[in-house]
Structures are given as structure tokens and as C-alpha cells.
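For reference, the structure discussed in these notes is given below.
The values are calculated or read from the model by the stated rules, or taken from the named source; none is laboratory data. Computed from a prediction, not measured in an experiment: that's the story for all the values here. Glycine also receives a Cβ, built like all others from the backbone with ideal geometry; neighbour counts cover every protein chain displayed.
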Amino acid sequence: MAQSLFPNFLEYSRFVRRCNALLPSIQVIRQALVFKEVEGISVSIIDSFPIPLCQPIRNFRSKVLGDYANVGYNATKGQYFYGCKCHALVSESGYVIDYTITPASMADSSIIEEVLSQFRTPTVLGDMGYLGQSLHDRLELKGIDLITPVRKNMKQKKILFPNFSKRRKVIERVFSFLTNLGAERCKSRSPQGFQLKLEMILLAYSLLLNQLNHWNQRL
């Protein structure tokens, strides 16, 4: 069916090679679009989502992307998984500003400074995974105020930031949309193929969001 509709379409292996060659261009296009939309913002949101590379029963046997993946814990589903984590910085308008991929076991708090290395806002909203006085102090020296929930045994008894929970839900909706686009399902067996799929999903999502925002402005 596809061959009859697209008789001059490249055979699969050549198509994959051409897509891989386009990875830098896809990144540039996505970043240019996103950075234009988020220029001047003062608040961003940070969190991570899992990218499993096999079924849980194969967690300790899988060798897919062995140099970049391992076993970590998905607190949302309450289960261990073999794969990677995508740590993402998101604007309140829903754009994925930047991201970093790590092995699944990497703690969110240990990678936040890398995620913020290319783009930073005066205020960053995080969850319980970013608690830690030393981390807050280091970011404060860089002019970043990291806002997180508080534990019962902490001196500060409540979050001193307006509508914190409501504003953080933006990143949950973004991750849900990315999951629907296939961000948590990866069959790639090479690092470049893995990143290519994620970049293509992020570009498609950014274009959809951009178009939706423009439509809303016309209403």
C-alpha cells in the first residue's frame, strides 16, 4: 500500500541514514522555535520522566544501550525499569526548553545544574526530588531560586510561592502529551537513533503547541 502511494520513497535503511544525518538540523529548528517563544520568561518547571527500553521482566538481562542505560525506579508506577530518564525544563506555556538524557538510576537533584546550563530562569519549580539545602545554596549563587515542596520535619512549613501545585501541573500535562506521541516507547538500538526519535517527537510537539497558541490568540 505504502509503496503504491509513494513509489519513489527511499528504502528503509537509506531513509534511516538520511534521518540520522538531519539530526543537527532538527535540533537547530526546534531550539530556534522554542527559544523565540520563551524569551524573557522568569519561571520554569523541571522534572523527569522514564524511558523504559524493555519489559520489567527483562530489567537485569537487557543490554540495549548498555553504556547509557541501567535499572532505575519509577515512583509514579511503583516499579523498577531498565532504560533512561529524560530530565526536562519546561516553560509555563508548555514548551520543552531543554533536556538531558541520563541512565534510569540518576537522581533528579544530581543533574539539575546540567539541565539549567544552557537556559535558566530566576525561578525554577521542582518536586521532592530536588530537595537539599546544598543544591538550593549552589543554585542561589547562580541567581536561581529553586522552589520545592517541603517535608513535615523542615523548618519552613509551607511553600512560599503562589499557586505552586497548579503551576507545576503544566509539566505533568506536557509529559502526558509527549507520552502519547511515543516518547516513552523507544525501539532504537543506537544512541543516535534514540536521540533522533526524541528530537523528532519534541519538534512535532513544539510545532503543534505553537500552532495551537497562535489559533488561541486569534480567537
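Does residue 190 satisfy being farther than 24 Å from residue 39 by Cα, over 13 Å from the mean Cα position of the chain (by Cα) and not charged (D, E, K, R)? Yes. Scanning the range 171-200 for residues that are among the hydrophobic types (A, V, I, L, M, F, W, C) and surrounded by fewer than 18 Cβ atoms within 10 Å (Cβ to Cβ) yields 177, 181, 200. The set of residues from the range 183-204 being touching a helix residue (DSSP H, G or I) at 6+ places or on another chain (Cβ under 6 Å) and over 16 Å from residue 101 (Cα atoms) comprises just one member, 203.
Exactly one residue out of 100, 179, 148 is in contact (Cβ under 8 Å) with a residue 40 or more places away in the chain and of a type in the set (S, T, N, Q): that is 179.
Report, by residue number, each residue of the range 44-63 that is in contact with a Lys or Arg (Cβ under 9 Å, 6 or more places away or on another chain) and surrounded by fewer than 18 Cβ atoms within 10 Å (Cβ to Cβ). Walk me through how you get there before you give the answer.
First, pick out the residues of the range 44-63 that are in contact with a Lys or Arg (Cβ under 9 Å, 6 or more places away or on another chain): 44-45, 47-54.
Passing the criteria: only 54.
For the range 61-99: of the residues being hydroxyl-bearing (Ser, Thr, Tyr) and assigned to a loop (DSSP other than H, G, I, E, B), which is nearest to residue 50 (Cα to Cα)? Applying the filter and picking the extreme gives 76. If the condition is being buried (at least 21 other Cβ atoms within 10 Å of the Cβ) and over 22 Å from residue 213 (Cβ atoms), then the range 103-125 contributes 104, 112, 115, 116, 124. Report whether or not residue 19 is at pLDDT below 95 and in a loop (DSSP other than H, G, I, E, B). Against the criterion (at pLDDT below 95 and in a loop (DSSP other than H, G, I, E, B)), residue 19 does not qualify.
Out of everything in the range 79-102 that is touching a His at 6+ places or on another chain (Cβ under 7 Å) and among the β-branched types (Val, Ile, Thr), what residue ends up being surrounded by the fewest Cβ atoms within 10 Å (Cβ to Cβ)? Outline the logic, then answer.
Step one: list which residues in the range 79-102 are touching a His at 6+ places or on another chain (Cβ under 7 Å), which gives 99-100, 102.
Still in the running and among the β-branched types (Val, Ile, Thr): 100, 102.
Values: 100: 18, 102: 21.
Taking the candidates together, the pick is 100.
Tell me the residue from 67, 98 that is charged (D, E, K, R), closer than 19 Å to residue 191 by Cα and over 14 Å from the mean Cα position of the chain (by Cα), please. Let's see the steps before the verdict.
Values: 98 fails: over 14 Å from the mean Cα position of the chain (by Cα).
On inspection, the qualifying residue turns out to be 67.
The number of residues in the range 36-60 that are modelled with pLDDT of 90 or more and in a helix (DSSP H, G or I) comes to 5.
Would you check which residues across the range 78-95 are over 15 Å from residue 186 (Cβ atoms) and either within 17 Å of the chain's Cα centre (by Cα) or in contact (Cβ under 8 Å) with a residue 24 or more places away in the chain (or both) and list them?
80, 87, 88, 89, 90, 91, 92, 93, 94, 95, listed by residue number.
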